[in-house]
Amino acid sequence: MIVRPLANGEEARACELLGGEPVRNIVLNSLLSECGLDGKRNRGRFYGCFREGRLSGVALLGHFAIFSSGVEEARAFARVARRDHAGELAVLLAGPREAAAFREVLPVPGGECACQPAAEPNIMLTLTSPAEIPQGYESDVRPAVVSETDEIARLHARCHLALYGFDPAAADPEGFGARVRSRVGERRIWVSRDARGVAFKTDLAAESGGVLYLEGVMTRPDLLGTGVGTREFGGLCRKLLRGYHTICLLVAEENVRAHDFYRRIGFREHSRHSLVHYQGHAAHSLAPAALHAPARAVVAEVAVRG
């Protein structure tokens, strides 16, 4: 078994392997199609695992560890991450068995004696038909405009602080602001407004082959429990399914309220994943109020109570 960086011209081989599970691999598929093997947005490097010359696994290693592989390939990717990307890893996202195998090999950043951060069980939910969405959910959600960027950033940071105990804007103001501005400019952040400002937002984070991955689903805190989030998100999903055959998102397994919210709209369980935050875990003992897990802006769901 050999692990090496994928070279230009091998994108098609990687896409063929990842295409076998388009929902599970939506993040990798999207980055490959939009950024290629060496795009800056990848924040890492694409690797292939080869068995007797056949590509058997694909991974993005660096700031993230995201891979599509079997257990043995996961261990092989971990050895490369330990050798070539020590200290970079912030977030691991993989199937539960593959994530466990990866963690067996990769020491915890901070030393062998450091505690392993917890693996958070996550569930990928999917929605495939407008008919599954109850009638009556209408939406005024539309792409955000540049003048709303600062307001969106404040809402995003406020919700993260309330739900996860850290403020991404305080921990990484330059990087956080740049990511929000970039997504607004690319029409990836969609919002609705009321008299008090942005009432609801979500990010169209990744898309490939008719699959759309959403994240950062948020209702303004003073509107939680009023039905605004359900109405806006349900109506938006109905619109989006005119252009995509599947909408998917990740939600923490323990977040019962979020699961209830998504099920009301018609989402159903697709697959299980493990999410591990290394840098945030390390920072916890130093400054709980300043925890930062940058990759939540790419691969994780923010719970909604609408």
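The values are calculated or read from the model by the stated rules, or taken from the named source; none is laboratory data. Note that the coordinates shown come from a computational prediction; the quantities given were computed from them, not determined experimentally. All Cβ positions, glycine included, derive from the backbone under ideal geometry; neighbour counts span all protein chains shown. When the accessible area is computed, the model is the full protein with side chains, heavy atoms only, and any ligands, DNA or RNA have been set aside. Shrake-Rupley method; radii C 1.70, N 1.55, O 1.52, S 1.80 Å.
According to the Kirkwood expression over distinct Cα-Cα pairs, how big is the hydrodynamic radius of the chain, in Å? So the Kirkwood estimate lands at 19.8 Å.
When the GluC sites (Glu not before Pro) in region 121-186 are filtered for DSSP coil states and for at most 13 other beta-carbon atoms within 10 Å of their beta-carbon, the remaining sites are 138, 186.
Of the trypsin sites (Lys or Arg not before Pro) in region 171-220, the ones in a loop by DSSP (not H, G, I, E or B) with at most 11 other beta carbons within 10 Å are 196.
For the chain, the longest principal axis of the C-alpha atoms and the axis of helix 26-35 are separated by about 80°. With every protein chain in place and a 1.4 angstrom probe, the accessible-area ranking of 124, 1, largest first, reads 1, 124. Each part reduced to its alpha carbon centroid, region 141-216 and region 55-77 end up 29 Å apart.
Secondary structure note: in the chain, about 90% of the DSSP beta bridges are antiparallel. Averaged over its residues, the chain has an accessible area of 44 Å² per residue, based on protein heavy atoms and a 1.4 Å probe.
Placing a pseudo-label 7 Å from each Cα along the Cα-to-Cβ vector at residue 142 and residue 12 gives an inter-label distance of 4.2 nm.
Multiplying the residue separation of residue 242 and residue 135 by 0.36 nm and subtracting their alpha-carbon distance yields 36.9 nm. Among 266, 136, 185, the residue with the largest mean-square fluctuation in a Gaussian network model of the chain, with springs joining Cα atoms closer than 10 Å, is 136. Of 272, 97, 220, which is the most mobile in a GNM of the chain whose springs link Cα atoms less than 10 angstrom apart? In the Gaussian network model the winner is 97. Computed from Cα positions, the angle between helix 256-265 and the longest principal axis of the chain comes to roughly 70 degrees. Secondary-structure-derived ellipticity at 222 nm for the chain, considering helices only, amounts to -10500 deg cm²/dmol, per-run term -39500 (n - 2.57) for DSSP H runs with n ≥ 4. Computed over the chain with a Gaussian network model linking Cα atoms closer than 10 Å, the most mobile of 156, 270, 259 is 270. Sparse packing (at most 16 other Cβ atoms within 10 Å of the Cβ) combined with a DSSP loop state is found for the following GluC sites (Glu not before Pro) in region 1-63: 10, 52. Solvent-accessible area assigned to carbon and sulfur over the chain amounts to 51 percent, based on a 1.4 Å probe.
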